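Q: I am attaching a structure below and will ask some questions about it afterwards.
Just so it is clear, none of the values below were taken in a lab; they were calculated from the coordinates. As the structure is a prediction and not an experimental result, all values here were calculated from the model. As a convention, Cβ positions derive from the backbone with ideal geometry for all residues, glycine included, and neighbour counts pool all protein chains shown.
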Amino acid sequence: MINMKASGLKDIRNNFKGLKILETEESIFNSNGNKKRRELAENLNEMIVEVNREGRVVYANKNAFEKTGYTKEEIDKGINIKQVVAPEERYKLASNFSDLLKGKELSRSTYTIKRKDGSTFPVLTYPDYILGSEGQIVGIRELLVDVTDFKEAEEKIRESEERYRSLFENSLDGIYRTTFEGKYIDANPSLIRMLGYDCKEELLAIDIPTQLYIRREDRPAPKKRNKIFETQLKKKDGSIITVEISSSVIYRNGKPVYYEGIVRDITQRKITEEKLNESYQKLSKTLNDIINTLASIIETRDPYTSGHQKRVASLATSIAKEMGLDNDKIECIKIASLIHDIGKINLPTSILTRPGRLSEIEYDMIKTHAQLGHDMISRVEFPWPIADIILQHHERMDGSGYPGGLKGKHIVPEAKILAVADVVEAMASHRPYRPSLGINKALEEINGGRGKLYDPEVVDACTRLIKNKKFSFSL
């Protein structure tokens with residue numbers, strides 16, 4: 001059906017009624033009254049056509065000629081109304097025309113008009129009788145409204161509805177509409193199968209909050225709609241599934257009318273995620289066990305610095321947290337700190353355990369531990385740049401460090417954190433060749449080298465931690 005605005009149709013009908021007069025006996029179609037009516041018709045935006053009882057067009061207004069492409073001369077020669085209607089609709093036209101001539105109730109109709117050039121367009125017709133002096137029907141007057149725009153809009157709506165229905169019926173995800181109170185208005189086949197019901201009618205009969213949700217309060221309140229959330233639903237047989245629901249409030253004329261959404265069964269995905277998480281936790285524990293074992297092995301080679309790497313790791317991770325780094329980077333810094341001196345495994349024990357100061361040659365040998373550690377760890381595929389951090393933890397911002405003499409931006413950020421933590425722990429702890437210098441001396445050192453030797457942001461974070469008593473060495 002053509003859905004036109006009521007006010008527009010009313011205006012058209014009022015125009016048509018203004019043309020309607022009774023003919024006199026002298027002349028029906030060429031009376032003075034009819035001529036006046038035709039003068040009015042020429043000014044209408046709609047098409048006006050008059051036909052006699054045989055269906056011959058005896059009059060058409062200017063707009064009708066423009067729309068159809070016919071001329072007055074062609075009308076005068078004789079054109080039957082059937083000629084301007086699409087062939088497949090001529091039977092309907094003949095039937096309706098016959099009913100009108102018998103005086104049956106007037107009603108509007110739709111036809112496809114065929115132009116002179118063969119092209120077509122849809123019209124909505126409003127018929128009226130042309131009456132003789134004794135009230136007999138001598139012809140029919142038709143007001144024709146071009147409804148091309150309405151038809152195109154109607155077709156687009158129909159196509160849109162068909163596409164939606166196809167998606168609705170064939171989607172692998174469940175699609176639904178529900179009332180605010182918790183009753184299904186509609187549900188597609190996938191949702192019916194997902195929830196274990198035999199037919200749509202069976203699902204539409206349930207109370208969603210009490211029969212579908214594990215807990216009534218799990219169903220979001222209206223103000224929390226238009227969101228995606230995960231929840232558990234109870235199937236018809238009582239089994240539980242985990243789903244992801246996308247839910248929206250649908251409005252008409254500014255008022256909420258129902259909920260609409262998509263339900264995806266993610267039960268298997270959640271099971272897989274849980275298994276992967278369990279595997280990750282096991283791997284993470286295994287990795288930490290290996291790292292701690294390596295740290296212990298290093299300490300057996302250098303007993304005078306026992307606990308150094310663990311204390312450095314504790315301070316370095318605290319600095320990283322103070323700087324607001326994410327958990328992944330914090331974990332990276334923790335692992336690198338725990339094994340940052342792993343290269344010392346390849347150095348002579350006599351040098352590592354000597355209580356006095358080292359000679360220049362021996363100190364140069366000690367300095368190789370960063371490169372040795374890098375070479376060992378670079379064979380392991382960590383998800384972080386552990387080998388680079390180990391290599392660079394003795395580099396300094398001004399390029400005075402070792403082994404590469406790297407400066408500022410060329411040093412990885414994690415190594416800058418490890419460098420500060422390493423210096424602070426070393427100065428605050430006892431060594432075989434000297435007693436502890438104390439935490440205050442350590443802070444003086446890093447603040448004295450702030451920006452020159454050590455990264456300013458790292459120094460500031462470390463200073464805040466210690467001065468605000470948010471960190472202390474406890475290992």
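Q: Please tell me which of these pairs span more than 25 angstrom C-alpha to C-alpha: LYS310/LYS344; LYS367/LYS467; LYS72/LYS151; LYS334/LYS416?
A: LYS367/LYS467; LYS72/LYS151
Q: With label points built 7 Å along Cα→Cβ from the Cα atoms of GLU273 and SER98, find their separation and express it in nm.
A: Those two pseudo-labels are separated by 7.0 nm.
Q: Using the Cβ atoms and a cut-off under 10 Å, what net charge is assigned to the surroundings of ILE208, where Lys and Arg are +1 and Asp and Glu are -1?
A: Computed value for this residue: +1.
Q: When THR353, THR293 are ordered from fewest to most other Cβ atoms inside 10 Å of their Cβ, what list results?
A: THR293, THR353
Q: Quick one: helix 90-101 against the long Cα principal axis of the chain, what's the angle to the nearest 10°, folded into 0 to 90?
A: That works out to roughly 50 degrees.
Q: Taking Cα atoms, how many degrees apart are the long axis of helix 6-17 and the longest axis of the chain, rounded to 10 and kept between 0 and 90?
A: Orientation of helix 6-17: about 20 degrees from the principal axis.
Q: Here's another thing I want to ask about it. In the stretch 171-265, with Lys and Arg counted as +1 and Asp and Glu as -1 at Cβ, which of these residues, ILE240, ALA205, THR178, has the Cα nearest the positive end of the dipole, that is, farthest along it?
A: Projecting each Cα onto the dipole axis, the largest value belongs to THR178.
Q: Please report LEU204, LEU443, LEU338 as a ranked list, fewest other C-beta atoms within 10 angstrom at the top and most at the bottom.
A: LEU204, LEU443, LEU338
Q: Out of the GluC sites (Glu not before Pro) in the stretch 332-402, which ones are loop residues according to DSSP with at most 11 other C-beta atoms within 10 Å?
A: Answer by residue number: GLU381.
Q: Give the dimensionless ratio obtained when the Cα radius of gyration of the stretch 272-467 is divided by 2.2 N^0.38 Å.
A: Normalised Cα radius of gyration, the stretch 272-467: 1.02.
Q: Placing unit charges on C-beta atoms (Lys and Arg positive, Asp and Glu negative, everything else neutral), compute the dipole magnitude of the stretch 332-412 about its Cα centre in debye, rounded to 20.
A: Charge dipole of the stretch 332-412: 160 debye, to the nearest 20.
Q: Scaled to the compact-protein estimate 2.2 N^0.38 Å, what is the alpha-carbon radius of gyration of the stretch 128-262, rounded to two decimal places?
A: Scaled against compact globular proteins, the figure is 1.69.
Q: Which of the peptides 110-118, 232-240, 60-68 is most tightly packed, and how do the rest follow, judged by the mean count of other Cβ atoms within 10 Å per residue?
A: 60-68, 110-118, 232-240
Q: Calculate the translational D of the chain in whole µm² s⁻¹ from Stokes-Einstein, where the hydrodynamic radius comes from the Kirkwood formula applied to all Cα pairs, the temperature is 10 °C and the viscosity 1.306 mPa s.
A: In µm²/s, the coefficient rounds to 50.
Q: For every helix of n ≥ 4 consecutive DSSP H residues, a contribution of -39,500 (n - 2.57) applies; sum these over the chain, divide by its total residues, and give [θ] at 222 nm rounded to the nearest 500 deg cm²/dmol.
A: Helices in the chain give a 222 nm mean residue ellipticity of -13500 deg cm²/dmol.
Q: Further question on the same structure: What is the order of GLU54, GLU414, fewest Cβ neighbours within 10 Å to most?
A: GLU54, GLU414
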